[in-house]
1. If contacts are Cα pairs under 8 angstrom and at least 6 residues apart, what is the relative contact order of the range 127-201 in percent?
2. Could you pull out the GluC sites (Glu not before Pro) across the range 119-185 that fall in loop regions by DSSP (anything but H, G, I, E, B) with no more than 16 other Cβ atoms inside 10 Å?
3. Would you mind computing the Rg to Rh ratio of the range 20-136 from its alpha-carbon coordinates, Kirkwood style for Rh?
4. Which of the GluC sites (Glu not before Pro) found in the range 1-48 are in a DSSP loop and have at most 14 neighbouring Cβ atoms, other than their own, within 10 Å?
5. Arranged from highest to lowest average of other beta-carbon atoms within 10 Å per residue, in what order do the peptides 114-120, 165-171 appear?
6. Could you please report the charge total around MET137, scoring K, R as +1 and D, E as -1 over all other residues with beta-carbon less than 14 angstrom from its beta-carbon?
7. Cα axis of helix 99-111 to longest principal axis of the chain: angle in degrees, 0 to 90, nearest 10?
8. Go through (i) 0.93; (ii) 1.13; (iii) 0.98 and flag the label whose value is the computed Rg/Rh (Cα atoms, Kirkwood Rh) for this structure.
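The values are calculated or read from the model by the stated rules, or taken from the named source; none is laboratory data. Note that this is a predicted model, so its numbers are computed, not measured. Cβ atoms come from the backbone with ideal geometry, glycine included; neighbour counts cover every protein chain shown. Areas reflect the complete protein model, heavy atoms only, side chains present, ligands, DNA and RNA absent. Shrake-Rupley method; radii C 1.70, N 1.55, O 1.52, S 1.80 Å.
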Amino acid sequence: CSVEQLEQAASSGDYSEYWFASDLPKDGANRLEGYLYPDTYEFYEGMPAATAINKLLEVFHYRITAEMLEWQEESGYTMRQIVTIASMIEKEAANDTEQYTIASVIYNRLNKDWPLQIDSTTLYEYPDHEGAPTAEMLAKDSPYNTRISKGLPPSPICNPGITSIRAALQPSSTNYMYYALNTATGQHEFFTSADAFNAFVATQNYD
């Protein structure tokens, strides 16, 4: 099927049979963002777009276990909020070993009512942009600009895998409030203070 058919099916299809999609507004193709489970799939030529989308939603449904639903209930966050947090973890983590620590930073900042300051949320509104966000993007008054806006962005910003979802449900317990990419190792360094974070960032070349 075509991109147009997929977008039409995503924006207007009825997916209320799935508990996580029953109350999603029909406000555009990205309303299913976060629930189209990333995996390897086989599709038949000529398969209707809605059927193809259902395959992805069905896998998400079966990957969320009863235990994970209990964790979600205990967290005080809705499943949509958990998936939104997981999507940020997915975009930010350099590898699977970082996801639980990045999750801890997100929750630590939420608990202190600090802006998350995650640039991947800003970039979500600019899908064709390459590289770091521009100064103009970071100055935009938008709920996706978490440099300015507090709390979670309005929706997931990608479709997270199961490790990121689990990290959002069971984050590590840390005091970290900041992280930055170490360009030499390709992994993130974590910090408890702004001074240590800024001193490290000053040693990196992110251009």
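1. Relative contact order of the range 127-201: 15 percent.
2. Answer by residue number: GLU125, GLU130.
3. Values: Rg = 16.4 Å, Rh = 16.6 Å.
Taking Rh as the inverse mean 1/r over Cα pairs, Rg/Rh reads 0.99.
4. Here the GluC sites (Glu not before Pro) that fit, given the DSSP loop and packing criteria, are GLU17, GLU42, GLU45.
5. Ranked from most to least packed, the peptides come out as 165-171, 114-120.
6. Values: positive: LYS140, ARG147; negative: ASP119, GLU125, ASP128, GLU130, GLU136, ASP141.
Surrounding charge for MET137 is -4.
7. 80
8. Among (i) 0.93; (ii) 1.13; (iii) 0.98, the one calculated here is (iii).
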